[in-house]
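Please treat every number below as a calculation from the coordinates, not as lab data. Here the structure is a predicted model, which means the values were calculated and not measured. Methodologically, a virtual Cβ is constructed for each residue, glycine included, from the backbone with ideal geometry; neighbour enumeration extends over all protein chains shown.
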Amino acid sequence: MLLDNKEDYITNVKNFTSSFDENHFRSLASKDFNNWPKPLEEKWRLSRLGALSRIKMMPIEPDLKKISKIDKKTGSFFLKFVDGAFRTDLSSDLPSGVTLEELDDKESLKFLNKIKESDLKNHPTTNVSLSCTPSIIKLTVNEGIKVNELIEIIYEGGDSKFSVHPVLYIEIKKNSKLSLIENFDHITSLVMPLQLIEIKEKGSLKSIKIFNDHYNTYNLSAHCAFLSTEANYNSFSLVKGGVFTRSETHAYLNGPNANLNLNGVYISGKEQHHDLTTAIYHDVPNCTSKQIVRGVLGDSSSGVFQGKVRVAPNAQKTDGQQMSKAILLSENARANAKPELEIYADDVICAHGATVGELDDNQLFYLKSRGIPENKARKMLISAFLKDIINESLDDQFHDYIFNEAESSLSFIID
Amino acid sequence: MSLLEIKDAHLKLDNKEILKGVSLTVNKGEVHAIMGPNGSGKSTLSYALAGREGYELESGEILLEGNSLNEMSADERARGGLFLAFQYPVELPGVGGMSFLREAVNSRRKFLGEKEFDHLGFVKEARKEASKMFVKDEMLKRAVNVGFSGGEKKRFEILQMAMLKPKVSILDETDSGLDVDALKIVSEGVNAQRNNDNGIVVITHYQRLLDYIVPDFVHILSDGVIIKSGGPELALEVEKNGYAGLINAA
């Protein structure tokens, strides 16, 4: 079906799932956000959106003249989204073999259909994002193109009582390779980034997401990834900003020998709530997935890791590993971990573990017995806890950068 | 003034009295050995001296060069010149050996009003000391004690001692887990640091270690009190007759 105009597009979005309410489109203020998941819904039980439903909100009208306030931090190529709208004027050129386009209606439909194949079809933010986004932007790495330079994507803008909806579609074609760093840096608003990633045969994507929105910002990030045969996806999220940030990833291992790393760190202080939610679907044999999540929580913050790994009956020889660890630095901090394994195949290696605790007494005493002051000793142990996973997850060139990003937030929760 | 003075130290753990009035004086240049059977309170005493949380004295006092340590935290005591070589050195994944050492040494130097080492200056100093303890460069690059053998761990403890230049060192069962060769290296490392200004307290089960680190005084700790003190010959008596004879006689 071709979509001739915007109206059709809306109609199509409306048909996309039954729960879609067309009143959401451009008129969110007239309705309460009463389609937000209720606390009884299992997927949102640990991350409640009640407070959000009490805020009257409008999708933002992107101001295409708005000045960028965030400097790029690394890399020579960068893309900027302001108020959810892609800004050519603020972005650099792209390496050769990499293209960027705004999807037309026909392509948008393909995008929708692909989303429909994932769990995001029932996701509370999908419809809102699709209805409210200024445009769907597609980044393509052409077949056989191995991009050695890093591309940085900066998402900024926002306004209080407004929602922001960047939507990005990334296609890594056969035998191609890309590295991305995405920075979310919005001022107070509700941000709902939606992302679809397709990695074709033997393609490789390395992606780092840094959630660093201003305090009081809600960020409900939803992203799904489809991996073909021998595709490689290495994703790392650093969640540190916002009053409520949920980074949700659904990954589909659809081709044999695909490999996924889905690691993340959250650093939470004050009243922050951070949530890393993942679902990994092993649908074919011989794929591997590995997940390490670490959290450091201070003040009255709370953190959630919920990770589902589903191994289909024919997905033999699956190797799925999942490990989450949270360290509480204050009596009022809370961490929840909910690993879920659903295994329907019998010849698999799957393991998961989750711990929530305080810093190790023995280690602390050992450092102090060497004259290192308590505070410094705590910092050293937490830094080590994070360095460990950062070094394991990322290429050498990013270790210092990401570690410094993490450490800058740590200083707020360790006095 | 004595270097270290323990005055009638009483300590309870879980409401059970472990130290029942330990007194001991260590003067400059002295090496004291504390021997005793399992459960006599040796490790508790070393934790109490080092200031581990939960090991505060019920009554009595510990003095370092006349200053009471009772109210001081472990790190304050260490900066002030007290060192504990652990029976089981703790692994610190992700904490690099070199930066750990530098942090420790600089904390002490800062306390003493000495200039802190910069990175390069420290690396040079650490390598010099490390080679004396047969600690390879590669070991300093690794995370502290992670994947170290028993011998490597103890050598690394003594390297820390050498670099921190403490006034009083407490060596808690430093011989445990060591073969004869490793025991020799570690003992030589300790002996090299014996001088007229510092004091060493060696806590051990066995006389074996005392063949290498020859003490000036030997004390037998049993059921939370020192039941007998003497010279090195006391250790030989233990070796020959066991603790039982001494304890019964006391």
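Below are the figures for this structure:
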read-out	value
All strands (runs of 3 or more DSSP E) inside segment A:296-378 with 3 or more residues being within 14 Å of chain B (Cβ to nearest Cβ)	A:319-328
Filtered residues of segment A:183-195 (kept if buried (at least 24 other Cβ atoms within 10 Å of the Cβ) and under 15 Å from A:THR249 (Cα atoms))	A:MET192, A:PRO193, A:LEU194
So A:ILE382, is it part of a loop (DSSP other than H, G, I, E, B), over 21 Å from the mean Cα position of the chain (by Cα), at negative phi and within 14 Å of chain B (Cβ to nearest Cβ)	no
Index of the failed condition, B:TYR88 passing every other in (1) more than 20 Å from B:MET163 (Cα to Cα); (2) part of a loop (DSSP other than H, G, I, E, B)	(1)
Residue check, A:ASN391 more than 14 Å from chain B (Cβ to nearest Cβ), assigned to a helix (DSSP H, G or I) and not small (Gly, Ala, Ser)	no
Matching residues in segment B:155-185 - criterion: being more than 14 Å from chain A (Cβ to nearest Cβ) and touching a strand residue (DSSP E or B) at 6+ places or on another chain (Cβ under 9 Å)	B:GLU173, B:THR174, B:ASP175, B:SER176
Among residues of segment B:102-122, those that are closer than 21 Å to B:ARG52 by Cβ and in contact with a helix residue (DSSP H, G or I) (Cβ under 6 Å, 6 or more places away or on another chain), counted	3
Every residue from segment B:74-94 that is at the interface with chain A (Cβ under 7 Å from one of its Cβ atoms) and at positive phi	B:GLY94
Within segment B:159-218, tally of residues that are in contact with a Lys or Arg (Cβ under 6 Å, 6 or more places away or on another chain), under 24 Å from B:ASN241 (Cβ atoms) and in a helix (DSSP H, G or I)	0
Complete set of residues in segment B:62-81 that are of a type in the set (D, E, K, R) and assigned to a loop (DSSP other than H, G, I, E, B)	B:GLU65, B:GLU71
Matching entry among B:ARG127, B:ARG79, B:ARG142, B:ARG102 (being among the basic types (Lys, Arg) and closer than 22 Å to B:LYS28 by Cβ)	B:ARG79
Failed item in (1) surrounded by fewer than 23 Cβ atoms within 10 Å (Cβ to Cβ); (2) among the polar types (S, T, N, Q); (3) in contact with a strand residue (DSSP E or B) (Cβ under 7 Å, 6 or more places away or on another chain), with A:GLN291 passing the rest	(1)
Test: residue in segment A:82-89 that is surrounded by fewer than 15 Cβ atoms within 10 Å (Cβ to Cβ) and on the phi < 0 side of the Ramachandran plot	yes
Number of the exception - A:GLN397 against (1) out of contact with any helix residue (DSSP H, G or I) (no Cβ under 9 Å at 6 or more places or on another chain); (2) touching a residue at least 12 places away in the same chain (Cβ under 8 Å); (3) more than 10 Å from chain B (Cβ to nearest Cβ); (4) not small (Gly, Ala, Ser)	(2)
Wholly enclosed strands (runs of 3 or more DSSP E) of segment A:193-264 bearing at least 1 residues in contact (Cβ under 8 Å) with a residue 24 or more places away in the chain and of a type in the set (Lys, Arg)	A:204-211, A:244-253
So B:SER99, is it over 23 Å from B:GLU53 (Cβ atoms), of a type in the set (S, T, N, Q) and out of contact with any Asp or Glu (no Cβ under 9 Å at 6 or more places or on another chain)	yes
